[in-house]
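The values are calculated or read from the model by the stated rules, or taken from the named source; none is laboratory data. Because the structure is a prediction, the values reported are computed rather than measured. Heads up, the Cβs are rebuilt from the backbone with ideal geometry, glycines too, and the neighbour counts pull from every protein chain shown. Surface accessibility is based on the protein's heavy atoms, side chains included, excluding ligands, DNA and RNA. Shrake-Rupley method; radii C 1.70, N 1.55, O 1.52, S 1.80 Å.
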Amino acid sequence: MTGSGPTIVAALLGALIGSFLNVCIHRLPRGASIVWPASACPSCGHQLDWFENIPIVSYLVLRGRCRTCAKPISGRYPVVEGLTALMFAAAWWNYGPGVLLVSRILLGCALIVLFAIDLEHHLLPNVITLPGIAVGFAFSLVTDPGWLASLIGIIVGGGVLYAIAEVYFRVRHEEGLGMGDVKMLAMIGAFIGWKLAIVTLMMASLAGAVVGLLLIATGRGDMKYALPFGTFLALGAAVAATVGTPLLDWYLRFW
Ligand SMILES: [Zn+2]
């Protein structure tokens, strides 16, 4: 079912899709169309030729600079392309051909886009999270985690974060979590079910706490440093979707 040949094809396809995800990451927060116009240098507006648009390769050949104005190109481009290639290969390896593969790849793409946009802009666009909830639920009718686990995932994923956001707001009188985080975890719950949505939240909180403490320890932020929680939710969901079930089984043995 799996082999190195198809895995390499999956990775190449992933790099191409990653190139499109970069367009989404750049344009969605700016309210620009993701299908028109063609990609251009954000500094000088030079429209990219096909050979400047080859995932990862072009960045390396151009040594991370625009061919026309020589301004540096964001390292995010090759990183997102490489990450998407890796995600496609890992998903193919993990799930093999089938509906679940398509579902998990769509989730993976949404997570990569949300990860990058939240990191840069502290923003989780509705245009991804809301359709994501519907798409995740639609897939659950025919594949994992099943429609009931998906439905509970939407309610629990969104509900738990909504409750935390409410409590935080009442105690601290400021917004700690945004509604974007609530919708994002609801989307994750729709795709992977309520159990893995809880694993996602635990992993994200753990990662957030570790990074937060590191920032404080290195003097680069204090307790109020606003960490983009959606970025951690994306990391948590990636862990939950790949190793969440064995992790949960292992954890529950201690109860
Ligand atoms: Zn340029």
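Of note, residue 42 does not satisfy the criterion of being more than 16 Å from the ligand (Cβ to nearest atom) and touching a residue at least 12 places away in the same chain (Cβ under 8 Å). Among the residues making up segment 122-165, those that are more than 14 Å from the chain's Cα centre (by Cα) and not in a helix (DSSP H, G or I) are 141, 142, 143, 144, 145, 146.
Can you name the residue in segment 210-255 that is aliphatic (A, V, I, L, M) and over 26 Å from residue 154 (Cα atoms) and is also modelled with the lowest pLDDT among such residues? So that I can check it myself, show each step before the final result.
Applying the first criterion (aliphatic (A, V, I, L, M)) to segment 210-255 yields 210-211, 213-217, 223, 226-227, 233-235, 237-241, 243, 247-248, 252.
Then keep just the ones that are over 26 Å from residue 154 (Cα atoms); that gives 210-211, 213-217, 223.
On the way: 210: 90, 211: 88, 213: 86, 214: 87, 215: 84, 216: 83, 217: 86, 223: 54.
Only one residue tops the list, namely 223.
Within segment 18-34, residues that are closer than 15 Å to residue 129 by Cα reach partners that are of a type in the set (Lys, Arg) with beta carbons closer than 8 Å, at six or more positions or on different chains, in the pairs 25/76.
Determine whether residue 70 is away from the ligand (no atom under 16 Å from the Cβ), over 18 Å from residue 26 (Cβ atoms) and of a type in the set (A, V, I, L, M).
Details: away from the ligand (no atom under 16 Å from the Cβ): no; over 18 Å from residue 26 (Cβ atoms): yes; of a type in the set (A, V, I, L, M): yes.
In short, no.
Considering (1) open to solvent by less than 60 Å² (accessible area, probe 1.4 Å); (2) of a type in the set (Ser, Thr, Tyr); (3) over 22 Å from residue 101 (Cα atoms), the lone condition that residue 162 does not fulfil carries the number (1).
Residues in segment 74-102 that are without any contact (Cβ under 8 Å) to a residue 24 or more places away in the chain and assigned to a loop (DSSP other than H, G, I, E, B) were compared, and the one that is farthest from the ligand (Cβ to nearest atom) is 75.
Looking at the structure I just gave you, is residue 80 closer than 17 Å to residue 16 by Cα and open to solvent by 30 Å² or more (accessible area, probe 1.4 Å)? The answer is no for residue 80. The set of residues from segment 24-38 being surrounded by 16 or more Cβ atoms within 10 Å (Cβ to Cβ) and within 16 Å of the ligand (Cβ to nearest atom) comprises just one member, 26. When the criteria are applied in full, residue 138 fails the requirement of being touching a residue at least 40 places away in the same chain (Cβ under 8 Å) and aliphatic (A, V, I, L, M).
Among the residues of segment 51-72, those identified as in contact (Cβ under 8 Å) with a residue 24 or more places away in the chain and within 23 Å of residue 120 (Cα to Cα) are 53, 55, 56, 66, 71.
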